[in-house]
Amino acid sequence: MTVSLLYGLSYVAAAAAFVFVTLSLASGLLWLAELIEENSKLAKTIGIRVTYAIILLHLGLWFTENMPIRLIAFSIFCHVVYLQNFSATWPLISLTSWSFLGSCILVVADHFLWFFHFANHNQEMRRRGGYNRPPYHHNPQLNRHHSFMEVASFFGTCVWLIPLFLFLSLSANDNALPTAFGKYILPAVQSTSTDCG
């Protein structure tokens, strides 16, 4: 059995493309983290408004797509907890605060709840063969498979966007020094002038 040169080249090109995309993504995330750090007031405003928009989007999905109300309510609760991180000390977030620790737990729980919902729904649709009679659900929107793009866009927007935004804002903590009281202070800028006395 011979392997063609073009076949081997395709694997090398795929590996190079993967490395390029990974490095580009890392560079983009670093750039976003620096933007959040340098424009913290604007970033806070954007973060709060986007969180409220995602809460409204959840309600819209409940009305138009008949998503399960328990999952919608849980996701809205998660975003209300995420909002608590946009406090007066933003972008400095205490890693031991209840809002940050709660956000870490809730993003994992929210991810798995929605993942199992979409997996079970699509498995049930496959088992029933799609648009069979009697319908799986009275709403025609629920009698179809969710495509990969639909599920990925839902996760990217409604599950991961705000936690990723909060994660990127943690880079501002790199320039902060912890004090004995658990608060953060920014390091003082040292004066370049010297006293001649």
Worksheet item: Which one of the conditions (1) on the phi < 0 side of the Ramachandran plot; (2) surrounded by 12 or more Cβ atoms within 10 Å (Cβ to Cβ); (3) touching a residue at least 24 places away in the same chain (Cβ under 8 Å) does THR64 fail to meet, given that it meets all the rest?
Response: (2)
Worksheet, complete the sentence: Taking the range 73-112 and keeping only residues that are loosely packed, with under 14 Cβ neighbours inside 10 Å, more than 15 Å from ILE162 (Cα to Cα) and free of Cβ contacts under 8 Å to residues at least 24 places away in the same chain, one is left with ALA73, ALA88, TRP98, PHE112
Discussion item. Looking only at the range 149-188, filter to residues that are closer than 18 Å to PHE86 by Cβ, aliphatic (A, V, I, L, M) and part of a helix (DSSP H, G or I); which one of those is modelled with the lowest pLDDT?
Written reply: ALA172
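ALA119 - would you say it is in a helix (DSSP H, G or I), small (Gly, Ala, Ser) and either loosely packed, with under 13 Cβ neighbours inside 10 Å or modelled with pLDDT of 90 or more (or both)? Steps first, please.
Working: in a helix (DSSP H, G or I): yes; small (Gly, Ala, Ser): yes; either loosely packed, with under 13 Cβ neighbours inside 10 Å or modelled with pLDDT of 90 or more (or both): yes.
The answer is yes for ALA119.
List the helices (runs of 4 or more DSSP H) that sit entirely inside the range 1-86 and contain at least 1 residues that are touching an Asp or Glu at 6+ places or on another chain (Cβ under 8 Å) and among the hydroxyl-bearing types (Ser, Thr, Tyr).
On the way: elements: 5-38, 40-65, 69-83.
Of the helices (runs of 4 or more DSSP H) lying wholly inside the range 1-86, those with at least 1 residues that are touching an Asp or Glu at 6+ places or on another chain (Cβ under 8 Å) and among the hydroxyl-bearing types (Ser, Thr, Tyr) span 69-83.
The values are calculated or read from the model by the stated rules, or taken from the named source; none is laboratory data. Just so we're clear, the structure is a prediction, and the values are computed from it rather than from any experiment. Glycine also receives a Cβ, built like all others from the backbone with ideal geometry; neighbour counts cover every protein chain displayed.
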